[in-house]
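Okay, handing you the structure first.
The values are calculated or read from the model by the stated rules, or taken from the named source; none is laboratory data. Please read all numbers here as calculations on a predicted model, not as lab measurements. Neighbour counts are summed over all protein chains in view; Cβ atoms, including those assigned to glycine, are modelled from backbone coordinates with ideal geometry. For accessibility, only protein heavy atoms count, side chains too; no ligands or nucleic acids. Shrake-Rupley method; radii C 1.70, N 1.55, O 1.52, S 1.80 Å.
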Amino acid sequence: MEKVRKLIRSLLNKKVLGLNSILNKVYKVVILIIIKDLAETASYCFASGIILKRFKKSIIVVLRKKGKNFF
């Protein structure tokens, strides 16, 4: 559970975590309430290989910095 707590605390406040549109700041406020269930659910998903279809989709945005070459 400590790994989950550290991960949540490291999130940027004004960003949205994902498809649920909940701000990261909200997760930081309620982490003590949801930490056990969140950790158990994540552990179960990883162990069983069961992942919701909507979590299999992602959008990747590449932000290039001025003066940096990636290739």
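Looking only at region 29-45, decide whether some residue is farther than 19 Å from Lys3 by Cβ, at pLDDT 80 or above and assigned to a helix (DSSP H, G or I). Outline the logic, then answer.
Quick first cut of region 29-45, residues farther than 19 Å from Lys3 by Cβ only: 29.
Those left that are additionally at pLDDT 80 or above: 29.
Add one more test, that the residue is assigned to a helix (DSSP H, G or I), and what stays is 29.
Yes, there is a match, as at least one residue in region 29-45 is farther than 19 Å from Lys3 by Cβ, at pLDDT 80 or above and assigned to a helix (DSSP H, G or I).
In region 1-40, what residues are open to solvent by 80 Å² or more (accessible area, probe 1.4 Å) and either among the β-branched types (Val, Ile, Thr) or touching a residue at least 60 places away in the same chain (Cβ under 8 Å) (or both)?
Val29, Ile33, listed by residue number.
Let me ask something else about it. For region 46-54, indicate whether the set of residues that are closer than 21 Å to Ser10 by Cβ, in a helix (DSSP H, G or I) and open to solvent by 100 Å² or more (accessible area, probe 1.4 Å) is non-empty.
Filtering region 46-54 for residues closer than 21 Å to Ser10 by Cβ gives 46.
Going one step further and asking which of them are in a helix (DSSP H, G or I), we end up with 46.
Narrowing further to those that are open to solvent by 100 Å² or more (accessible area, probe 1.4 Å): 46.
So far as region 46-54 goes, yes, one or more of its residues are closer than 21 Å to Ser10 by Cβ, in a helix (DSSP H, G or I) and open to solvent by 100 Å² or more (accessible area, probe 1.4 Å).
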